[in-house]
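A short write-up of the structure that comes next.
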Amino acid sequence: MALVSDAGLPGVNDPGARIIAAALAAGVVVTVLPGPSAVETALVASGLAGEQYRFVGYLPRSERDRAALWLELAAWPHPTVAFESPRRLPASLASLAAAEPERRIAVCRELTKAFEEVVTGSAAVVAERYREAPRGEVTLVVGPSTRAVDAGAALAAVVELVAAGTPRKIAATVVSGLTGVPRNMLYKTSL
């Protein structure tokens, strides 16, 4: 049996992953023949590639969840790659532009196809370019944050407050409010 896709590498954030998992569970030997992958192709084409990157799958649908993701990524000093629906792209870019207008991003559309397009720039400029939904598959590369968030110092502050007797939940909430580092991240990493 073969699983073939023209949408990049099957099994990475697509329904093919369920087929692969079922085959492995049934004892079927699985061999991967890598082909074009939108994640790595977009990362390289964006000019934002570094030593590390993070892949977050599809961006959250709700504005609240997207805002939380942008806040979380403010503490991540490397590029992030995400898939996005073309019809949701304008709202997602507007959300990122509102959170961090100068952050470098790349919208990579129809990679490895005849109408391939890579648009780079600040979140504000690219959001303006995509006020209307484009056509085709979209991979978004979000560069490192322009905010000066020191997640390590924020975590140290939580640990210090807990050592002084402040409940961990309150310490994480207060430090998160002051630094912008996600509360859940501070709480979990301070355990």
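Throughout, read-outs are computed from the coordinates displayed, never taken from laboratory work. On a predicted model such as this, the values are computed, not experimentally measured, just so you know. Don't worry about glycine lacking a Cβ; one is built from the backbone with ideal geometry, like all the others, and counts go over all protein chains shown.
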Estimated vicinal HN-Hα couplings, Hz - segment 71-79 in sequence order (Karplus 6.51, -1.76, 1.60; Gly, Pro = x) = 5, 4, 6, 4, 8, 9, x, 10, x
key: segment 82-105 and segment 144-178: distance between their alpha carbon centers, rounded to Å   = 27 Å
inquiry  = Can you compute the modelled spin-label distance between Glu102 and Arg168, with each label point 7 Å from Cα toward Cβ, in nm?
reply    = 3.6 nm
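From the P(r) of the chain, could you give the percentage of C-alpha pairs in the tail past 21 Å? Write down the numbers at each step before the final one.
Working: 10399 of 18145 pairs.
Taking all Cα-Cα pairs of the chain, the fraction more than 21 Å apart is 57 percent.
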query = Between Arg131 and Tyr58, what length comes free when the chain is fully extended (0.36 nm per residue of separation minus the Cα-Cα distance, one decimal in nm)?
reply = 24.3 nm
query = Which whole-Hz ³J(HN,Hα) couplings does segment 15-29 yield from phi under the Karplus relation 6.51 cos²θ - 1.76 cosθ + 1.60, θ = phi - 60°, glycine and proline marked x?
reply = x, x, 4, 5, 5, 5, 4, 5, 5, 5, 5, 8, x, 7, 6
key: Residues whose placed amide H lies under 5 Å from that of Glu137, excluding near-sequence neighbours   = Glu110
note = Calc'd 3J(HN,Hα), segment 157-170, phi into Karplus 6.51 cos²θ - 1.76 cosθ + 1.60 (θ = phi - 60°), Hz, glycine/Pro = x, comes to 5, 5, 4, 5, 5, 5, 4, 7, x, 6, x, 3, 4, 5
note = trypsin sites (Lys or Arg not before Pro) in segment 36-70 lying in a DSSP loop, each with at most 15 other Cβ atoms within 10 Å of its Cβ, come to Arg61
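Quick check on packing: order 103-116, 166-179, 19-32 by the mean number of other C-beta atoms within 10 Å, highest mean leading. Provide the component values of the computation, followed by the final result.
Details: 103-116: 17.9, 166-179: 16.4, 19-32: 10.1.
Answer by packing, highest mean first, reads 103-116, 166-179, 19-32.
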inquiry  = How big is the dipole moment of the chain about its Cα centre under a simple scheme where the beta carbon of each Lys and Arg is +1, that of each Asp and Glu is -1, and everything else is neutral? Debye, nearest 20, please.
reply    = 540 debye
